[in-house]
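Everything on this sheet refers to the single structure shown next.
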Amino acid sequence: GFGQDGPRARQPGYDFLIQGMCGIMDLTGEPDGPPQKVGVAWIDIFAGLYGAISVQAALAERARSGLGQRVDVSLLECGVAVLANQAAAHLLGGASPTRLGNAHPSIVPYQVFPAADGHLVIACGNDRQFAALCRTLGAEDLARRQDFATNPDRVRNRGDLVPMLEAITRRWPKADLIAALEEAGVPAGPINSVAEALSDPQIGARGLRIAPEGLPGLRSPVAFSRSDLSLGRAAPALGNGVWSFRET
């Protein structure tokens, strides 16, 4: 949980505990609401990835030096490391990042918006996309305003801009607005349930869902041009193969 040395080295660590300690829960949730955990064991997953990468790096170094070494990966350090731009904002500028709900700290508009029948994500990553968003919504005047002309302007004035955009998007059916924005080159998409995400046509086209021996699951999300990562067999059942292992 905390690494092999330091004052917490002997303490137990779990994903939920570390989410609170590393800062991510303080960043997650609505501004006037309580801190929230991420919906999956997010730090456990990152620690596994960092661990796998570290082992590969150690093996590559051993090929040069001929020496082995210990690899020390902790949940806490992984959680702090993936704070990414939020950690950089504090370290470089002294900022104290806070909860913004579904908004982005340094890009606007880049958040969840209401529709007539639900919600969607609109992610304008540059000024061109913002102008296209305004054209699609019939609000070209917003793109011409000097206080919204650039992304820094929009970040500074998000309190004025976002409510005006929300007043327009909530009049659109969700599917119609997503289709219109995609046609205009504006990144937009639905907020899927787990079932909807697993049924997305793109997931089907990529072959992420597999069912070796009839057992449904997901393959590795990595694809190689020559190597086949599909599984021909399901994971063994509990106790399966124990005796054959002992016999060998």
Point to revise | Qualifying residue in region 197-214 (condition: loosely packed, with under 14 Cβ neighbours inside 10 Å, at pLDDT 95 or above and part of a loop (DSSP other than H, G, I, E, B)) | key: yes
Check your understanding: Within region 1-48, how many residues turn out to be farther than 21 Å from Gly101 by Cα, of a type in the set (Asp, Glu) and free of Cβ contacts under 8 Å to residues at least 60 places away in the same chain?
Key -> 2
Revision key, fill the gap. Phe113 passes all but one of the listed conditions (1) over 22 Å from the mean Cα position of the chain (by Cα); (2) under 26 Å from Gly33 (Cα atoms); the exception is number (1)
Exercise for review: Report those helices (runs of 4 or more DSSP H) wholly inside region 124-172 carrying at least 3 residues which are free of Cβ contacts under 8 Å to residues at least 12 places away in the same chain.
Suggested key: 140-144, 151-156, 158-169
Check your understanding: Among the residues of region 175-196, how many are part of a helix (DSSP H, G or I) and either farther than 16 Å from Pro114 by Cα or within 21 Å of the chain's Cα centre (by Cα) (or both)?
Key -> 6
Practice item. Hey, can you tell me all the residues within region 209-241 that are touching a helix residue (DSSP H, G or I) at 6+ places or on another chain (Cβ under 6 Å) and among the aliphatic types (A, V, I, L, M)? Key: Leu231, Ala234
Review point. Hey, among the residues in region 216-248 that are out of contact with any strand residue (DSSP E or B) (no Cβ under 9 Å at 6 or more places or on another chain), modelled with pLDDT of 80 or more and surrounded by 10 or more Cβ atoms within 10 Å (Cβ to Cβ), which one's farthest from Leu198 (Cα to Cα)?
Key: Ala223
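The values are calculated or read from the model by the stated rules, or taken from the named source; none is laboratory data. Here the structure is a predicted model, which means the values were calculated and not measured. Using ideal geometry, Cβ is built from the backbone for each residue, glycine included, and neighbour counts are taken over all protein chains shown.
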